[in-house]
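Please read the structure below before turning to the comments.
Any read-out appearing in this document is the output of simple, stated calculations on the displayed coordinates, not a laboratory observation. Quantities reported herein were computed from a predicted structural model and do not represent experimental measurements. Here Cβ is always computed from backbone atoms with ideal geometry, including for glycine, and neighbour counts include all displayed protein chains.
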Amino acid sequence: MAYAKPGLREFPSPESGRLSEEMLAAFDEDGVIILRDFASPPSCEALQKRTDDLVDAFDPRSVRSFFSTTSNVQLDDDYFVRSGGDIRFFFEEGAFDEAGELKQAKAHSINKMGHAMHDLDPVFEAFSRTPKMAALVASLGFKKPLLVQSMYIFKPSGIGGEVVCHQDSTYIYIEPETCIGFWFAIDDADLDNGCMQFLPGAHKGPLRRLNHRRADGKLVTDVIDDTPFPEHLAAPACASRGDLVVFHGRSPHMSAPNRSSRSRHAYTLHIVDEEARWPAENWLQRPADLPFRGF
């Protein structure tokens, strides 16, 4: 298929949250748009402060779970597999030395925190469930939106890992596919510290891989289409604090390692429509007493 030329379209954040016809057309064509200044600086600062508090309370000796899109070590990790209804921490693969000690401060050693902060923590819930977000989601055509996953991505300075090119619907699969990602810049993001990069228009192609839970509980990823993504056409999603990147579940994206002296904190929500079927084979499952909720 033909891909659009690199370059992501950006717009001033609509005050009400609702996307205009021009914005919706750009999203339909490219599969990704950037909304400048969607979240206020104070709300981003509050989220970062709450994250600092949660990290401070986390004892790295209690669990050492890692997250990597290159080795996929988390797929065999029960701590990760059962994190859909909890707030858990996952380290960068290079966080510990040979003696098992952290090479740098705990807060600069974590890859991400997930996956239910939006339901379990009041600060994250207040950030995630605003009238402005509800209006944005409604304008995208959701009938009964469900907030199914939240992630706080640290991308720490020096050791922030590479995220290989992938589609989020590989991991958040629903029939029909209604997954949309909402990525908030908490720190400024650029090519130096590993900003997100997208392939505009490539969401119109097929789903390339499907992650699912086998009958024995093991997570596996099946290859559906092994055609390589044209990564040379990737367009950077440079963003400032408070900017929001909205992207289709099939939109291929990636990010380079962060070898800079600056962190690249971000907060991501994934939303699906309740009217679609949530397969029991999805890795992301909730306990019965914590069902998915909307706004």
- Query: Under 5 Å between amide H atoms, partner at least 5 residues away or on a different chain: which partners does residue 110 have, H built in plane at 1.01 Å?
  - Reply: 92
- Once you charge only the Cβ atoms, +1 for Lys and Arg and -1 for Asp and Glu, what is the size of the charge dipole of the chain about its Cα centre, to the nearest 20 debye? 180 debye
- Cα-centre dipole for region 167-206 with unit charges at Cβ (Lys and Arg positive, Asp and Glu negative), debye to 20: 240 debye
- Taking every other residue with Cβ under 13 Å from the Cβ of residue 163 and scoring Lys and Arg +1, Asp and Glu -1, one gets -2
- Work from the charge dipole of the chain (Cβ charges, +1 for Lys and Arg, -1 for Asp and Glu, about the Cα centre) and give the residue of 251, 207, 11 farthest towards its positive end. 11
- Among 235, 169, 158, which residue has its Cα positioned farthest towards the positive end of the charge dipole of the chain, with +1 placed on the Cβ of Lys and Arg, -1 on the Cβ of Asp and Glu, and the dipole taken about the Cα centre? 169
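Report the charge-dipole magnitude of region 117-162 in Debye, nearest 20, computed about the Cα centre from +1 at each Lys and Arg Cβ and -1 at each Asp and Glu Cβ. If you can, show how the numbers build up before the last one.
Numbers: 5 positive and 4 negative charges, 55 e Å.
Dipole magnitude for region 117-162 comes out near 260 debye.
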- Hey, can you grab everything whose amide H is under 5 Å from the amide H of residue 293? Only 5+ residues off in sequence or another chain; H modelled, so Pro and N-termini drop out. 147
- Query: Which net charge results for the neighbourhood of residue 223, defined as the other residues with beta-carbon distances under 13 angstrom from its beta-carbon, given Lys and Arg at +1 and Asp and Glu at -1?
  - Reply: -1
